[in-house]
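Peer 1: Below: one structure in structure tokens.
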There are 2 protein chains.
Amino acid sequence: MFGKEIYVGRRKRLLEEMRATGNDGRRGIAVFLGNVEAPQNYRGNDYKFRQESSFLYFWGIDEPGFGAILDLDSGDEVMYGNDVDIDDIIWMGPQPSVASKGGLIGVDRTAPYLGFFEAVRTAKVSGRTVHFLPASRYYNTMMLSSLMGCPAENVRKTGPAYGNPEITASLELTRAVISMRLIKEACEIEEIDKACEIGWLMHTAARQACKPGVREQDIVGKMEGVTISKGWGVSFTTILSQNGETLHNHSHHQIITPGRMLLIDAGAESNTHYASDFTRTLPCSGKFTPKQREIYDIVAECNELAFQLAAPGIPYREVHLAVAAKMLDGLKALSLVNGHIDDMVNEGIAGMFMPHGLGHNMGIDVHDMEDLGEDLVGYDDDQTRASQLGLGSLRMARRLKPGHVITDEPGIYFVPALISKWKEEGTDKGMVNYAAVEKYLDFGGIRLEDDLLITEDGCRRLGPHRLPIAADDVEAAMASEQDRT
Amino acid sequence: MFGKEIYVGRRKRLLEEMRATGNDGRRGIAVFLGNVEAPQNYRGNDYKFRQESSFLYFWGIDEPGFGAILDLDSGDEVMYGNDVDIDDIIWMGPQPSVASKGGLIGVDRTAPYLGFFEAVRTAKVSGRTVHFLPASRYYNTMMLSSLMGCPAENVRKTGPAYGNPEITASLELTRAVISMRLIKEACEIEEIDKACEIGWLMHTAARQACKPGVREQDIVGKMEGVTISKGWGVSFTTILSQNGETLHNHSHHQIITPGRMLLIDAGAESNTHYASDFTRTLPCSGKFTPKQREIYDIVAECNELAFQLAAPGIPYREVHLAVAAKMLDGLKALSLVNGHIDDMVNEGIAGMFMPHGLGHNMGIDVHDMEDLGEDLVGYDDDQTRASQLGLGSLRMARRLKPGHVITDEPGIYFVPALISKWKEEGTDKGMVNYAAVEKYLDFGGIRLEDDLLITEDGCRRLGPHRLPIAADDVEAAMASEQDRT
């Protein structure tokens, strides 16, 4: 939790942003429903509590069962939550009062949790505009749908809150929140640096544990143990697999086998809930084969190119396309594709090898604010999302500004089902050399990811240390670590 | 996952149990809605998937987005789930078809996921009885409430399914499922033994890491890393605190301090989702103080007594009361209480020191089947729940039978808020010696827990090894481990 001036300042700014919308005296209220516990197998055996991210950003309280309301006309703020009774003390220990928690974030008025629902209902009945953010969790969806008298799906989509006969999440509030959360404050960057430090420790533990004969699940446990020792936990379910061509592979039953590669995409969430997200691809034997190294080097060059290009003023969409060109250039040198680079970029040929975007925003969420709407978060008003494979999955296309935190994660994968689909359907317009590509059907995939902060004059990699990335450096690290143990 | 004969056999038995209810030809259908992904901070960034436990028990498939229906009249079985498309293959890898998954559990008929909802709606519209189990997750609650046309709270409570104008979860189905899941099969006991082995490794790692100057969170990470390396994860959120008097303490920011004790209540869930649950209380310095050891020895004797008494035929409620008597006897010898033991037991004096029950059922859930209703699971038809503090929290009161798996977890705690409440309200009827008890206000708490399988002639402790429990053994283990590192 930050000092109270941070939360006071954020709410003040939000009030200003929202006062630029609607009509004076008729702006209504902005409501924030925090998360409740999420049952794992039964109520009472809950997943580790994770607060709703925008609630955390504006109201700071990292506990279940809170709500808060900002009156956009009067500027009044009320936080809602319940004080504990003797049963709670026996099971959960003595707790500060809700009023004193309000004090920590500069809110003077607090009230019991049920008051939140009464206040929203009262505002709605009296015809005031009720601004709420799109909900992710089912509980929040149910409660908001019932309070607002709209279908559950409307709670998850945004539309104008003023003068709109259809009740949905508020586009005005969503845009205001996105505009603030997109540009990270100094205190946030400090926390992201900490999360990156934990991510570095995770990946270092993984590299040290990556040896022939070890089960993938064993390595995952070592990595996740680090995140729980040092932070809240993982910022997303760890991807760790020798089948790196499967982008989000969560199965870890295989044994580390010489000759294969291990793709690890994992990050930590700090105790204050800021994320890191790194990917490295390791040679299981400690040394890449020449064939692996050729592809690896292309991906590493792409990662470096994005780092060189990322700077204020350039849309990240253009960086994605520059990386696609670089990648196709490398693949062409290996005779895997053929044609003019520009033509191949235009036809989206890179998408067969990299069917995902170059990166995404990162902050309190690893895909920052994805719950608020991917396009609202990742696209400027004058950009539209492409339909091509790869570019169409780009989550962050915006013109970069200082304070943006984004990932730089190119990859090359050989996905047998996708290759045969393209071949069958002629999607490549003759630009893919299938005879050559088919020699890579058992290759797997490589992805290399760092986290970048856009600065005044370029960008910097987040975290105090960088994980080894050059093929030689990775092999040297693994050689020295294998000696050590 | 077990062999298909296990699942076929369980459904056959369930059909028989259910055929003993209702009228021939009018029994309707039993529906099982599996879990979907649970969003952590946004949809797509989900908590680690956990299947609904009864779905897992009867239908075995450990993936989101499945449902199944057992026709109680025709005996027909259908499992519902979606096959993957090319996008799924890119992100999640090639997957076996739903039909082939049906084959793994002996179900011939499979259909797309939406078919589940259509089939339930059709059965309901045509006047057939639809039996469903109480739901825990909000998604399942929403879906069943909408399908069945009943309020959400009715989806979470049980009532007769036949001839009941009020729609609720089916008492008949719930009872049938409980009767089966309460008595563990050999294949289940094998998995619980595995979960106990992981639990032993967790606690061993914790004991080795428990040294002055270490942060509690560091130890939690080491323990949880073990569970993820070897199993699915923790079977419940780890309780690890030097404030052991707080029964479910999930805050781990304190530094291990000589003179205090560290209470660790933690267990593992195996890859097949069976639980273990152990508690040990360690001296932070490696040696108990004489005052700590006096209380510790009473708790250890209580743990042993429950193990000696637990056998077929005795209600676990009686074991709880015998433990309460033993505990009061020990506390009396320390002059903390005074009075006849029987009087003190009857007045519930033990509840001030142990405000929880002696144990609970354990299986696929660490509190097994808590979602199906604590009293239906833990109480025989001729038992009612007490209102006394402690005994009133007893989750397992039933007459023991071979195949029951239960925990044995006595504890003594000094909860300042509770002690002053009792003193103020005179709850102890003069039997507590507050002048003595108040010397323990900074003592904390001790709990010692093992997992027991009721056998034909008594019980055995689950897991291949037992964690050290005698105070001397704990100190000896810590001494040798502190030398080692």
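The values are calculated or read from the model by the stated rules, or taken from the named source; none is laboratory data. Only a predicted model underlies this, so the values are computations on that prediction, with no experimental measurement involved. We place every Cβ from the backbone using ideal geometry, glycine too, and count neighbours over all the protein chains shown.
Peer 1: Which one is surrounded by the fewest Cβ atoms within 10 Å (Cβ to Cβ) among residues in the stretch B:25-44 that are over 28 Å from B:P160 (Cα atoms) and in contact with a strand residue (DSSP E or B) (Cβ under 7 Å, 6 or more places away or on another chain)?
Peer 2: Among them, the one singled out is B:E37.
Peer 1: Looking at (1) within 19 Å of the chain's Cα centre (by Cα); (2) away from every other protein chain (no Cβ under 11 Å); (3) of a type in the set (S, T, Y), find the lone condition where A:S285 falls short.
Peer 2: Of the numbered conditions (1) within 19 Å of the chain's Cα centre (by Cα); (2) away from every other protein chain (no Cβ under 11 Å); (3) of a type in the set (S, T, Y), the odd one out for A:S285 is (1).
Peer 1: From A:G233, A:G225, A:G267, A:G213, grab the single residue that is closer than 22 Å to A:I454 by Cβ and either in contact with an Asp or Glu (Cβ under 6 Å, 6 or more places away or on another chain) or not assigned by TED's automatic domain parsing to the domain that holds A:S145 (or both).
Peer 2: Among A:G233, A:G225, A:G267, A:G213, only A:G267 is closer than 22 Å to A:I454 by Cβ and either in contact with an Asp or Glu (Cβ under 6 Å, 6 or more places away or on another chain) or not assigned by TED's automatic domain parsing to the domain that holds A:S145 (or both).
Peer 1: Could you give me the residue pairs with C-beta distances under 6 Å whose first residue belongs to the stretch A:75-97 and is within 14 Å of another protein chain (Cβ to nearest Cβ) and in contact (Cβ under 8 Å) with a residue 60 or more places away in the chain, whose second residue is hydroxyl-bearing (S, T, Y) and assigned to a loop (DSSP other than H, G, I, E, B) wherever it lies, and which are 6+ apart or on separate chains?
Peer 2: none
Peer 1: Moving on. Which residues, taken from the stretch B:366-392, are at pLDDT 95 or above, within 23 Å of A:D88 (Cβ to Cβ) and among the hydroxyl-bearing types (S, T, Y)?
Peer 2: Within the stretch B:366-392, none qualify.
Peer 1: Looking only at residues that are in contact (Cβ under 8 Å) with a residue 24 or more places away in the chain and within 9 Å of chain B (Cβ to nearest Cβ) in the stretch A:37-53, which one is farthest from A:A68 (Cα to Cα)?
Peer 2: Checked the stretch A:37-53; the qualifying residue farthest from A:A68 (Cα to Cα) is A:K48.
Peer 1: Related question: As an exercise: evaluate A:G378 against (1) more than 9 Å from chain B (Cβ to nearest Cβ); (2) surrounded by fewer than 24 Cβ atoms within 10 Å (Cβ to Cβ); (3) not hydroxyl-bearing (S, T, Y) and give the number of the one condition it does not meet.
Peer 2: Going through the list (1) more than 9 Å from chain B (Cβ to nearest Cβ); (2) surrounded by fewer than 24 Cβ atoms within 10 Å (Cβ to Cβ); (3) not hydroxyl-bearing (S, T, Y), A:G378 breaks only (2).
Peer 1: OK, next. Assess whether A:S251 counts as being within 14 Å of chain B (Cβ to nearest Cβ), under 30 Å from B:R50 (Cβ atoms), surrounded by fewer than 19 Cβ atoms within 10 Å (Cβ to Cβ) and within 22 Å of the chain's Cα centre (by Cα).
Peer 2: Judged against the criteria, A:S251 is a match.
Peer 1: Additional query: Can you pull out the residues in the stretch A:77-95 that are exposed (fewer than 13 other Cβ atoms within 10 Å of the Cβ) and either outside the structural domain of A:F116 (by TED's automatic domain parsing) or in a loop (DSSP other than H, G, I, E, B) (or both)?
Peer 2: A:D85, A:P94, listed by residue number.
Peer 1: Any residue in the stretch A:153-165 that is at pLDDT 95 or above sitting within a Cβ distance under 6 Å of a residue that is assigned to a helix (DSSP H, G or I)? List the pairs, counting only those 6 or more apart or interchain.
Peer 2: That search, which allows pairs on different chains as well, returns A:V155/A:T141; A:V155/A:L144; A:V155/A:S145; A:T158/A:L171; A:T158/A:T174; A:G159/A:L171; A:P160/A:L171; A:A161/A:E172.
Peer 1: Related question: Just checking, does the stretch B:228-242 include any residue being in contact with a Cys (Cβ under 8 Å, 6 or more places away or on another chain) and of a type in the set (D, E, K, R)?
Peer 2: Checking the stretch B:228-242: not a single residue is in contact with a Cys (Cβ under 8 Å, 6 or more places away or on another chain) and of a type in the set (D, E, K, R).
Peer 1: Here is a check on your reading of the model: is A:E172 away from chain B (no Cβ under 14 Å), more than 30 Å from A:G259 (Cα to Cα) and surrounded by fewer than 19 Cβ atoms within 10 Å (Cβ to Cβ)?
Peer 2: no
Peer 1: Looking only at the stretch B:167-183, which residues are of a type outside the set (S, T, Y) and out of contact with any strand residue (DSSP E or B) (no Cβ under 6 Å at 6 or more places or on another chain)?
Peer 2: B:I167, B:E172, B:R175, B:A176, B:V177, B:I178, B:M180, B:R181, B:L182, B:I183
Matching residues to (1) among the small types (G, A, S); (2) within 14 Å of chain A (Cβ to nearest Cβ); (3) part of a strand (DSSP E or B); (4) under 26 Å from B:V8 (Cα atoms):
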| position | (1), (2), (3), (4) |
| --- | --- |
| B:F55 | no, yes, no, yes |
| B:L70 | no, no, yes, yes |
| B:K101 | no, no, no, yes |
| B:G115 | yes, no, no, yes |
| B:S136 | yes, yes, no, yes |
| B:M142 | no, yes, no, no |
| B:S146 | yes, yes, no, no |
| B:E153 | no, yes, no, no |
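Peer 1: Still on this structure, I have one more. A:P134 fails exactly one of the following numbered conditions: (1) crowded, with 21+ Cβ neighbours inside 10 Å; (2) more than 32 Å from the chain's Cα centre (by Cα); (3) of a type outside the set (A, V, I, L, M). What is the number of that condition?
Peer 2: (2)
Peer 1: Quick one: is B:T427 closer than 25 Å to B:P134 by Cβ, touching a residue at least 40 places away in the same chain (Cβ under 8 Å), polar (S, T, N, Q) and surrounded by 15 or more Cβ atoms within 10 Å (Cβ to Cβ)?
Peer 2: no
Peer 1: Here is a follow-up. Let me spell it out: the conditions are (1) closer than 30 Å to A:L240 by Cα; (2) more than 28 Å from the chain's Cα centre (by Cα); (3) part of a loop (DSSP other than H, G, I, E, B), and B:G127 meets all of them except one. Which number is the exception?
Peer 2: All conditions pass for B:G127, except number (1).
Peer 1: Something else about it: When you look at A:M223, is it farther than 28 Å from A:Y379 by Cα and modelled with pLDDT of 95 or more, yes or no?
Peer 2: So A:M223 passes the test.
Peer 1: Quick one: B:D108 ticks every box in (1) under 23 Å from B:R10 (Cα atoms); (2) surrounded by 14 or more Cβ atoms within 10 Å (Cβ to Cβ) bar one, so which box is it?
Peer 2: All conditions are met except number (2).
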